[in-house]
Amino acid sequence: MIKKIVFLFLVAFSATCFSQKNIPNINVNTLKGKSVSIESQLSKDKVTVLAFWATWCVPCINELDAISDVYEDWQEETSVEIIAMSTDDSRTQKRIKPMINGKGWDYQILLDKNQELKRALNITLIPHVVVLKGNEIVYRHTGYAPGAEEELYEIIKKHSK
Amino acid sequence: MKKSILFIILLISFVSFSQEDHDISYGFESNSQYYLDDSKTGDFLESNRFRSNNFFKIDYSYKNFYAGLQVESYEPKAMLNYSPNLDKTNLGLYYLGYNTGKIEVTLGHFYEQFGSGLILRSWEDRQLGINNALLGGRFKYSPKEYLHFTSFYANQRKGFAISKGNIIGFNSDFDISSALNFETSSLSAGFSYVGRSQEKTETNFDYNNRTDLFSSRIEFSKDHFYSNLEYVAKGKDAVIIQNQIKNAKKGAAVLANFGYAKKGLGINATFRRMENMNLFSDREANGNIYNESVVNYLPALTKQHDYLLTNIYVYQAQPQVSFQDPSLIKSGEIGGQIDVFYKLKKGTFLGGKYGAKVALNFSSWHGLKADYDFASFDYEMDFFGFGQKYFSDLSFEVRKKWSKQWNTIFYYVNQSYNKRYIEETFGEINANIFVSEATYKMGKGKSLRFEAQLLATNDDRKNWAGGTVEYNATSKLAVYINDIYNYGNDDVDQQIHYYNVGGSYTVGAHRFALNYGRQRGGLICIGGVCRNVPESTGISANITMSF
């Protein structure tokens, strides 16, 4: 048993060297119910941040609230685009629209309704951010600690040049 | 098992010699626990004190092709109260597909959802031990940007085996406004069919091998308003009470939603009625406690609370027919919920310097009103009638930022929980819950968070108090301690502290967590689906890694 676990670990570690580079070709939904491919939502030469969240996830909301306060400055300086990718299932999906309006967020909102994109990227925990340059994945991070948005911004700045 | 390992190694070596077009993604998750004896809540009486659930998933794509698999390992045994069908190490999922954007073909395991999931949803939730992926063939076709078709034929995964029943599905989604170039409004419609075929048992009741379900839905939005409506009809199927077929009845569901949203204000109202809407890939799976063989998704439409004490009395949707005794008969549920979100502007009296955010939710759920005949396990339905009250929940939340350093949340919940009907045991609970939370940011990812909670009730186990302190030393390292204390329990021996201490370390997309403590027994609910866990004490370790 231990052997198997150790083996899985080895496989997992050896995998680090070949981690995913491009965003998979998967369809997500707009708030109006339109199905669009995720690639079509990324700008070719700018940095896009996919922030996976859900209406019931407190650290996700804290992260997006914190970024929301400084988003204007970020955009001005780096023209980064943040997409808040909701992983809410149909239990809480109807809460997305009123919530983002009630919060006054300016992000583009997309819905990963049955978590296909989340699964394809092998994301197990949210909040999870994926930083993209064009459609190439340059950075990933899971979890949120208050203030950690500053570190994320350093990454965005680094890749915006 | 050996074959799958070989396959993984082959894939990795293949990709490491490859060019740009190849892409590979991995995920690894491990949840382990070492169960300890507890002088307060009792010794650990099961076999294997150490238990571990492990998942390794790999996805590979080359141009339009994709393939993947998931190996699962429950060694030496799955954690407490997971299905006995999740045992040892085996291949959990495997799939192969081709996707051009217009056409997609999948062979092997796949996840699918039609509409809101009322007639079909397959998904995975590892914390709950749910994986009801479909195993078979699926074909998707999108002739136009605004027109999408899906069809499949499959069995359903059950542990490492598959269901006896077959499932066939067809779905269409039509974005009418894009097709007709509506400028200011949006209109779309969908239609789905799901059939579950399983040889029927010899009975006097009239139903077919195949149970048919139809769903039609429409969605409309204009300016700040939006609404959608879904209706589901379910054909006659066996009504199973305590593992015996007692009748055959039809089922139905109505789901309606209206909302208004503009910057700074959002309102949403949902109504749902469900009658005999359970659907399992094997009829005999009816009522299983592991959420196995579930074909459709019928979550409780209530607010999903975030705090320990707000999650003691959690409603579970009641779609099923149940005849326990003449005073405890159920055939479905009816009710709804309303959400309001409002932002208090910066610089106003209540909003202060940074503004504040307010959220309100109210939900109420009842049984269906019907003439019940206990002797023949039958009923006559009053379609929009409200029966016995099952649950209500009123919650109010204020989030306020006071300065660059201080953030607070105040949360109040009033709950009414009809335990007799929801859990089919005894009692009714009315509770008031108060939570306040404060976060102090010290910069560079360093922060402190405090939480104080109180649950006040004269029912069931009476009053509870709780608290949490969490310290983020850096944006990577966090430690916490929490405790909930049932100080109001009439039985002094049951006045128990459920304490936990732990920490986590995050590097990029990888997270390692360690925890020691005593867990309260009861329902653990995620996404409106609940799993019953026993009280336990122990040390747990969680690893999640994504590549």
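The values are calculated or read from the model by the stated rules, or taken from the named source; none is laboratory data. All values derive from a computational prediction rather than experimental measurement. Cβ: placed from backbone, ideal geometry, glycine included. Neighbour counts: every protein chain shown.
Regarding the stretch B:218-227, can at least one residue be identified that is out of contact with any Lys or Arg (no Cβ under 9 Å at 6 or more places or on another chain) and part of a loop (DSSP other than H, G, I, E, B)? Show your work before the answer.
Of all residues in the stretch B:218-227, those out of contact with any Lys or Arg (no Cβ under 9 Å at 6 or more places or on another chain) come to B:218, B:220, B:222, B:225, B:227.
Filter once more, keeping what is part of a loop (DSSP other than H, G, I, E, B): none.
No: zero hits.
When the residues of the stretch B:342-376 are filtered to those that are under 24 Å from B:GLN405 (Cα atoms) and outside any loop (DSSP other than H, G, I, E, B), the one that is nearest to the chain's Cα centre (by Cα) is B:ALA359.
When B:SER392 is tested against (1) assigned to a strand (DSSP E or B); (2) crowded, with 20+ Cβ neighbours inside 10 Å; (3) in contact (Cβ under 8 Å) with a residue 40 or more places away in the chain, only condition (3) is not met.
If the condition is being buried (at least 22 other Cβ atoms within 10 Å of the Cβ) and under 18 Å from B:TYR417 (Cβ atoms), then the stretch B:331-349 contributes B:GLU333, B:ILE334, B:GLY335, B:GLN337. For the stretch A:91-150, a residue qualifies if it is in a helix (DSSP H, G or I) and among the polar types (S, T, N, Q), and the qualifying residues are A:GLN93, A:ASN101. For the stretch B:484-532, the strands (runs of 3 or more DSSP E) that sit wholly inside it and include 3 or more residues that are within 24 Å of the chain's Cα centre (by Cα) and either modelled with pLDDT of 90 or more or within 25 Å of A:ASP89 (Cβ to Cβ) (or both) are B:510-519, B:522-526.
For the stretch B:108-116, the criterion of being at pLDDT below 95, more than 21 Å from B:ALA161 (Cα to Cα) and part of a loop (DSSP other than H, G, I, E, B) is met by at least one residue.
Of the residues screened, A:LYS44 is one that is out of contact with any Cys (no Cβ under 9 Å at 6 or more places or on another chain) and surrounded by fewer than 19 Cβ atoms within 10 Å (Cβ to Cβ). Within the stretch B:337-359, restricting attention to residues that are among the aliphatic types (A, V, I, L, M) and either over 11 Å from B:GLY264 (Cα atoms) or in contact with a helix residue (DSSP H, G or I) (Cβ under 7 Å, 6 or more places away or on another chain) (or both), the residue that is modelled with the highest pLDDT is B:ILE338. Checking each residue in the stretch B:39-60 for being modelled with pLDDT under 90 and either in a strand (DSSP E or B) or within 11 Å of chain A (Cβ to nearest Cβ) (or both) picks out only B:GLY42.
A Cβ distance below 6 Å, combined with a sequence gap of six or more or placement on separate chains, defines the contacts here; from the stretch B:449-467, residues that are of a type in the set (Lys, Arg) reach residues that are at pLDDT below 95 and outside any loop (DSSP other than H, G, I, E, B) in the pairs B:ARG449/B:THR439; B:ARG449/B:GLU470. For the stretch B:324-336, does any single residue satisfy the condition of being among the β-branched types (Val, Ile, Thr), within 25 Å of B:THR201 (Cβ to Cβ) and more than 19 Å from the chain's Cα centre (by Cα)? There is at least one residue in the stretch B:324-336 that is among the β-branched types (Val, Ile, Thr), within 25 Å of B:THR201 (Cβ to Cβ) and more than 19 Å from the chain's Cα centre (by Cα). Just one of (1) away from chain A (no Cβ under 14 Å); (2) surrounded by fewer than 21 Cβ atoms within 10 Å (Cβ to Cβ); (3) over 27 Å from B:ARG126 (Cα atoms) fails for B:ASN500. It is (3). The residues in the stretch B:224-273 that are within 14 Å of chain A (Cβ to nearest Cβ), in contact (Cβ under 8 Å) with a residue 60 or more places away in the chain and buried (at least 22 other Cβ atoms within 10 Å of the Cβ) can be counted, and the count is 7.
Set side by side, the residues B:GLY367, B:GLY427 differ, and just one is away from chain A (no Cβ under 14 Å), crowded, with 16+ Cβ neighbours inside 10 Å and within 30 Å of B:VAL254 (Cα to Cα), which is B:GLY367. Being among the aliphatic types (A, V, I, L, M), within 20 Å of B:THR408 (Cα to Cα) and surrounded by fewer than 19 Cβ atoms within 10 Å (Cβ to Cβ) holds for only one residue in B:VAL435, B:VAL469, and it is B:VAL469.
One residue alone among A:SER79, A:SER86 is under 27 Å from B:ARG511 (Cα atoms) and more than 7 Å from chain B (Cβ to nearest Cβ), and that residue is A:SER86.
For the stretch B:170-187, the criterion of a residue being in a strand (DSSP E or B), small (Gly, Ala, Ser), touching a helix residue (DSSP H, G or I) at 6+ places or on another chain (Cβ under 6 Å) and more than 30 Å from B:ASN54 (Cα to Cα) is satisfied by at least one position.
Could you check the stretch B:313-345 and list, in sequence order, the residues that are touching a residue at least 40 places away in the same chain (Cβ under 8 Å), of a type in the set (A, V, I, L, M) and touching a strand residue (DSSP E or B) at 6+ places or on another chain (Cβ under 7 Å)? Residues satisfying the conditions are B:VAL314, B:ALA317, B:VAL321, B:ILE329, B:ILE334, B:ILE338, B:VAL340.
Residue-level check: of (1) hydroxyl-bearing (Ser, Thr, Tyr); (2) surrounded by 22 or more Cβ atoms within 10 Å (Cβ to Cβ); (3) outside any loop (DSSP other than H, G, I, E, B), B:THR302 misses just (3).
Assess whether B:ASN414 counts as being away from chain A (no Cβ under 14 Å), in contact with a strand residue (DSSP E or B) (Cβ under 6 Å, 6 or more places away or on another chain), within 16 Å of B:TYR307 (Cβ to Cβ) and without any contact (Cβ under 8 Å) to a residue 24 or more places away in the chain. So B:ASN414 fits the description; yes. Assess whether A:TYR153 counts as being at negative phi and either facing chain B (nearest Cβ under 10 Å) or touching an Asp or Glu at 6+ places or on another chain (Cβ under 6 Å) (or both). It is false that A:TYR153 is at negative phi and either facing chain B (nearest Cβ under 10 Å) or touching an Asp or Glu at 6+ places or on another chain (Cβ under 6 Å) (or both).
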